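The values are calculated or read from the model by the stated rules, or taken from the named source; none is laboratory data. Note that the structure is a prediction, hence the values are computed from the model and not measured. A quick note on method: Cβ atoms are made from the backbone with ideal geometry, for glycine too, and the neighbour counts reach across all protein chains shown.
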Amino acid sequence: MALPRVSALRASVRAQLSAQCYHRTFHGSSARTGRNRASVLVAGGAALVAGLIAGASRIQRAEMTGARVPTALDGKDLESRCSCFMAPPVTPLEGLRSPDMKSRMELLIMETQAEVCRALAEVDGGASFIVDRWQREEGGGGISCVLQDGKVFEKAGVNVSVVHGFLSEESIRQMKSRGKSLKTKDGKLPFSAMGVSSVIHPKNPHVPTIHFNYRYFEIEEADGNKQWWFGGGTDLTPTYLNQEDIVHFHQTLKEACDQHSPTFYPKFKKWCDDYFFIKHRGESRGVGGIFFDDLDSPSKEELFKFVQSCAKAVVPCYVPIVEKHKNDSFTPEEKLWQQLRRGRYVEFNLVYDRGTKFGLATPGSRIESILMSLPLTARWEYMYTPPANSKEGEILKVLREPKDWVH
């Protein structure tokens with residue numbers, strides 16, 4: 001089964017995503033003692049804001065190139081956009097009418113969450129997402145959408161977080177180690193951060209794992225100066241090597257990057273290869289993609305549109321690969337290799353991942369959401385080494401010697 005051409009696929013995905021807004025259907029709820037949040041089982045990932053929107057049934061979707069964002073959203077426009085989210089936004093609607101970047105970014109990550117969850121639910125065929133809305137005592141909150149033990153996906157999580165407060169000393173040290181010059185007052189530094197983060201672990205070893213994350217960060221220094229930056233990326237972790245799949249994945253991301261600068265893809269592809277490297281194993285976590293952090297130029301507006309294009313590329317870069325392989329047959333030996341590779345995934349996330357470290361160091365952070373990236377199952381065997389000329393050895397060679405997939 002060949003993958004569709006990227007341009008044709010993009011048009012198809014846009015048509016599917018803009019064709020309709022789903023009406024919110026509640027299939028059960030649970031209140032958790034001591035927690036100010038609600039969990040809702042949502043059939044097919046099709047969740048809308050119950051009781052918040054009356055009769056809203058359409059939403060204007062941005063093209064992958066990035067739609068023009070109005071200077072302000074009136075009540076009806078805002079309700080229309082929010083009508084297809086998995087849950088009400090973290091920020092009250094009145095606060096989202098501002099045209100500032102924090103409002104625009106929150107709307108983008110909420111839309112991205114809903115689009116990805118709907119696409120995953122459709123390809124899984126009958127799966128349900130747990131939609132878990134949570135609050136952070138120190139400020140803000142989030143929405144965690146998690147599918148477990150579906151037909152296609154063993155575990156798929158798509159999280160949104162919108163938090164604010166004061167950075168911990170550990171987080172400030174992390175930022176200073178990356179070259180940030182930060183002026184604190186009495187050791188405190190006010191911040192606002194928001195992002196969408198997802199890791200998707202399939203059951204079939206011939207379907208790769210994908211991770212993506214797009215975020216925006218603001219801090220206010222002691223003298224009132226504000227610093228801001230964007231970060232994020234999308235990367236693929238296959239168990240077995242399929243060159244056509246990997247080329248499709250990278251080509252789709254490259255097209256999203258090229259709309260904004262011809263330098264973005266090669267720069268952020270190398271950054272991804274360097275970042276997702278398991279030093280103690282001497283191998284990459286996967287076959288890369290794009291990764292960037294601390295971006296604050298050329299301008300806030302241009303970078304927002306770039307991040308918007310990257311977010312819109314997630315579904316078309318990944319879902320066709322899932323459709324292609326979700327029904328492939330596999331052996332117990334191939335399933336074992338998938339479990340061993342997941343062990344490597346866990347090692348990277350717990351030892352090196354910057355987002356995991358930041359989350360664990362942030363006061364009031366939600367551990368369940370931070371560790372959502374870990375697979376439901378994994379395996380570690382002592383001194384397991386596959387034959388060099390095997391399919392398992394083939395993927396290991398690529399992981400130790402990153403390739404240029406689009407030239």
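Tabulated results
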item: Contacts under 7 angstrom Cβ, first residue in the stretch 273-286 being of a type in the set (Phe, Trp, Tyr), partner surrounded by 12 or more Cβ atoms within 10 Å (Cβ to Cβ) and assigned to a loop (DSSP other than H, G, I, E, B), 6 or more apart; result: PHE276/ARG285; PHE276/GLY286
item: Among the candidates GLY195, GLY231, residue that is touching a strand residue (DSSP E or B) at 6+ places or on another chain (Cβ under 8 Å), surrounded by fewer than 21 Cβ atoms within 10 Å (Cβ to Cβ), touching a residue at least 60 places away in the same chain (Cβ under 8 Å) and assigned to a strand (DSSP E or B); result: GLY231
item: Any hit, the stretch 209-217, residues being more than 17 Å from the chain's Cα centre (by Cα) and either in a loop (DSSP other than H, G, I, E, B) or under 27 Å from SER161 (Cα atoms) (or both); result: no
item: Among the candidates ILE321, ILE395, ILE290, residue that is under 15 Å from the mean Cα position of the chain (by Cα) and closer than 21 Å to LYS269 by Cα; result: ILE290
item: The lone exception for ASP328 - which of (1) under 27 Å from LEU167 (Cβ atoms); (2) at pLDDT 95 or above; (3) not basic (Lys, Arg) it fails; result: (1)
item: Residue that is surrounded by fewer than 20 Cβ atoms within 10 Å (Cβ to Cβ) and aromatic (Phe, Trp, Tyr), where the choices are TYR318, TYR352, TYR345; result: TYR352
item: Selection within the stretch 355-407 - in contact with a Leu (Cβ under 7 Å, 6 or more places away or on another chain), of a type in the set (D, E, K, R) and not in a helix (DSSP H, G or I); result: ARG379, GLU381
